[in-house]
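Below you'll find the structure, written out as structure tokens, and then a few comments.
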Amino acid sequence: MLSEPLGGLEAFLRTLTPLHLADADGGQAFVPKDAAAVARGKTVFAEQCARCHSSKRAPQGSEAAQIEWYREAVMMDDFLDNNFLSTTRVIRSLRSEPISDGRWAATQWPDTYGQIFPPTPTSSFLR
């Protein structure tokens, strides 16, 4: 059953600490130095990405309230502390969503998915 190997993978991944670009060898070269660009990037992340790609969770509420929470949270100095910029939701998606053939991603990024990722056959591992 698929859930058993992924359960072990999820347990292993929970033992890891976050890996941030700035901490990688040569990573500082890719971190923008322009404060306005960094602030704009944080805002875009808060509005478009954080709900799925932050292990820090907004309180329950309306979508607008959650986005506003993320807008404030990403500006905090400690936002990246213990933040994997991903969640176990991604792992759980492997159990239930058809991500390997692009249908899942196409619903998340309908305007750009087909331009970035070519269609691929569904993996028999994920069926």
- Estimated dipole of the stretch 33-83 in Debye, rounded to 20 [Cβ of Lys and Arg +1, of Asp and Glu -1, Cα centre]: 140
- Message: Averaging the inverse of every distinct alpha carbon separation and then flipping it gives the Kirkwood radius. What is it for the stretch 33-83, in angstrom units?
- Response: 11.1
- Message: Through the Karplus equation 6.51 cos²θ - 1.76 cosθ + 1.60, θ set to phi - 60°, convert the phi angles of the stretch 75-81 into ³J(HN,Hα) values in whole Hz; use x for Gly and Pro.
- Response: 7, 6, 4, 9, 4, 7, 4
- Item | Whole-Hz ³J(HN,Hα) from phi, Karplus 6.51 cos²θ - 1.76 cosθ + 1.60, for the stretch 20-37, glycine and proline x | 10, 3, 4, 8, 6, 4, x, x, 4, 5, 9, 8, x, 9, 6, 4, 5, 5
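None of the figures in this text is laboratory data; all of them are computed from the coordinates on show. Quick caveat: nothing in here was measured; it's all calculated off a predicted structure. When we count neighbours, we look across all protein chains shown, and the Cβ atoms used for this are built from the backbone with ideal geometry, even at glycine.
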